[in-house]
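Structure record follows, encoded as structure tokens.
Each value in this text was obtained by applying a stated rule to the coordinates, not by laboratory testing. Keep in mind that this is a model prediction, so the values were computed, not measured. Using ideal geometry, Cβ is built from the backbone for each residue, glycine included, and neighbour counts are taken over all protein chains shown.
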Amino acid sequence: MAECRVFSLTPSEVKGKVLLAQAFPCDFEGSYEQDERVMLRTAAWRSRWVTALCLLAVGLVGCSPEHYPQTTLLPRGDFARIADHLLDTTVKWALLVFVLVEGVLVYAIFRFRGKPEDPEPHQTHGNTTVEIIWTVIPALILAAIAVPTVRAIFQTNATPGKDALTIEVVGHQWWWEFRYPEYNLTTANELHVPVDRTVSLRMGSADVIHSFWVPQFAAKRDVFANRETRLWFKAEVEGEYPAQCAEFCGIQHARMAYRIKAQRPEEFQAWVAHMQKCSCRKSLRARQGGGGWLPARMLLLDTPFEASTGN
Ligand SMILES: [Cu+2]
């Protein structure tokens, strides 16, 4: 008879029993243990939580930046470090706000939880002190984030020094051209840079909009056919880093990948010497003068660095 009564409960009744049993465990000590549906439901929720936590742990382990060379969370250059530091600062403030707000919320939920016999709570409206506090504190937090943000904007948009290695970057459907005016050579889809020397990129496009993105060295920056954009970075750790066009630029966009090779200065100079000796030493700039096959709009990169506009 008791079993019939137990299993005739509706879902809302079961939910109510669970809530009451959690709120008043002593009162429900006997019936809670005997209610198989409640126990099964509790076990199911527990198993879901365990599964979710396991999946979260696996996901977090899988997100290790060491295994993802295109991560932005493992900066290998000064430009990327500035952006990463700004991200860290913002996330720390966001975490602090989240923990404080949610902490107060959870505390209030349990500390002031209503009971069936409680009277109607006292009704209030407005509190000047509290409103001033929750206006001033967010303003201070925003100011604390704004200062490093503005500083990072100026730092990353600063003009590199004269000792920087200038490289002209031209996006094509669907490959990248890298010109080294200083060495009179050109490469395709492979950007060699010396470590500990700032490279100054002057960028344009031969056709549609592309986006130059070297995650571990710098942020991404779009390249256009009708204006020049600039970017600089200094590689600090030698190695080979994959990079990718970050702007959908046509059906072969996904294959518009390239590599950055950061080399020790002597290795870089050896590579330059090798490239200058080999048959491909004739740069595209030279071909542009001879054959004239490059689109006229690429000529924008032939303007003097100081005279160009845009950023
Ligand atoms: Cu592209």
By residue number, the members of region 252-270 that are within 30 Å of I209 (Cβ to Cβ) and without any contact (Cβ under 8 Å) to a residue 40 or more places away in the chain are A254
Within region 41-94, residues acidic (D, E) and surrounded by 11 or more Cβ atoms within 10 Å (Cβ to Cβ) come out as D78, D84, D88
- Message: Within region 76-99, does at least one residue satisfy the condition of being of a type in the set (A, V, I, L, M, F, W, C) and more than 28 Å from I153 (Cβ to Cβ)?
- Response: yes
For the structure I just gave you, tell me whether V170 is within 16 Å of the ligand (Cβ to nearest atom), of a type outside the set (G, A, S) and in a loop (DSSP other than H, G, I, E, B). no
Only one of (1) in a strand (DSSP E or B); (2) over 22 Å from P69 (Cα atoms) does not apply to G250, and that is (1)
Quick count over region 186-216, residues being closer than 20 Å to K162 by Cβ, in contact with a Phe, Trp or Tyr (Cβ under 9 Å, 6 or more places away or on another chain) and either in a loop (DSSP other than H, G, I, E, B) or within 16 Å of the ligand (Cβ to nearest atom) (or both), is 4
All conditions in (1) closer than 29 Å to V195 by Cβ; (2) in a helix (DSSP H, G or I); (3) among the hydroxyl-bearing types (S, T, Y) are true of T51 except (1)
Within region 217-265, of all residues that are among the basic types (K, R) and under 14 Å from L201 (Cα atoms), the one farthest from the ligand (Cβ to nearest atom) is K234
Contact list, first residue from region 36-63 and touching a residue at least 12 places away in the same chain (Cβ under 8 Å), second anywhere and surrounded by fewer than 10 Cβ atoms within 10 Å (Cβ to Cβ) and in a helix (DSSP H, G or I), beta-carbon distance below 9 Å, six or more apart or interchain, is E36/E3
